[in-house]
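Working notes for the structure below.
Just so you know, all these numbers are worked out from the coordinates, no wet-lab data involved. Worth saying up front: this structure is predicted, and the values here are computed from it rather than measured. Cβ placement follows ideal geometry from the backbone for every residue including glycine, while neighbour counts extend to all protein chains displayed.
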Amino acid sequence: MWEATGLPFLYTILGVEKASAVLLLGGRASRYQKEKAFEEVEGEAMFVRASRPFVESGVVSRLVFVARKDLIDEVEAILSKANLGLPYDIVQGGDSREESAKQGLSLVWHDVPALVHDACRPYLSKELVRRVYEKMTPGTIVVPAIHPREAVYSSAEGDYLDKNDLYIIETPEGLFPSDFFKAKEKLGDAYLSFPDEGSMFVRAGLALKIVEGEPHNEKVTFPGDLR
């Protein structure tokens, strides 16, 4: 496993501040009924396939994989043969999405951009990674999203909702780790209950910026979701 030491030079080559990518391998995946992070997508483990667009984007200088303790050895064994071409670390995740994000972001420089991605979304493009990265600014989280394709009815409103006002949120979400930890401090233990970083930032009063997502950047939740 590559070590975190000796990396600052990567962030200042040619004066370009590249990002770290934090890939969350997820929890027990009870709905999938087996370790979906290791499922094969295009000839390699799903979490490796999900990391390729970050490597190919040209805007990422380091990868951090967040996994359950009992999966770390297997993750390392797979990564050692993957030839990703970027330095990486593996860190143990927590019991919730945001605790795992915290663990991953704790390993990266807090004033350097970070892209947090669900490793069960293996079909994103390098163009999406660049699109999120290019809109990142301190104090703001950048979230890729698409409008729903189907009609949406709200029982609470008793009416159909305008699809142009609704967004389906994707990852990677782009943020500065220092802002994540500011939001965490403001929210206290409540930060653990949020489903993603965007919702956490909104509740903490930080800005959210939406960029165009990709319809094919789907989350693999059930076995039938694999292509």
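Which one, VAL142, PRO87, ILE169, is farthest towards the positive end of the dipole of segment 8-225 when Lys and Arg carry +1 and Asp and Glu -1 on their Cβ?
PRO87
How far is it, in nm, from the label point at ASN83 to the one at ILE146 when both lie 7 Å from their Cα along the line to the Cβ?
Going from the ASN83 label point to the ILE146 one covers 3.2 nm.
Return LYS34, LYS184 ranked ascending by Cβ neighbour count within 10 Å, so the fewest neighbours appear first. Write down the numbers at each step before the final one.
Values: LYS34 9, LYS184 20.
Ordered from fewest to most neighbouring Cβ atoms within 10 Å, LYS34, LYS184 come out as LYS34, LYS184.
Starting from the 7 Å offset along Cα-to-Cβ, what nm value, one decimal, do you get for the label separation of ILE169 and ASP111?
According to this spin-label approximation, the distance is 2.8 nm.
Could you calculate the FRET efficiency of ARG227 with GLU185 from 1/(1 + (r/R0)^6), where r is the beta carbon distance between them and R0 is 41 Å, rounded to 0.05? Before the final figure, lay out the partial values.
On the way: r = 41 Å, r/R0 = 0.99.
The computed FRET efficiency comes out at 0.50.
Quick check for you: which residues of segment 159-177 have the amide N under 16 Å from the point 7 Å beyond the Cα of LYS209 toward its beta carbon?
Label zone hits: 172-177.
Cα gyration tensor of segment 8-225, axes a ≥ b ≥ c as square roots of the eigenvalues: rounded (a/c below 1.5), prolate (a/b > b/c) or oblate?
rounded
Where the only charges are on Cβ atoms (+1 Lys, Arg; -1 Asp, Glu), what is the dipole of the chain about its Cα centre, to the nearest 20 debye?
220
Below 8 Å between Cα atoms, with a sequence gap of 6+, how large is the relative contact order for segment 71-161 in percent? Mind showing how you got there, number by number?
Working: 36 pairs, mean separation 11.0, N = 91.
Reported relative contact order: 12 percent.
Residue farthest toward the positive end of the dipole of the chain, with Cβ of Lys/Arg at +1 and Asp/Glu at -1: which of ALA45, HIS110, HIS216?
HIS110
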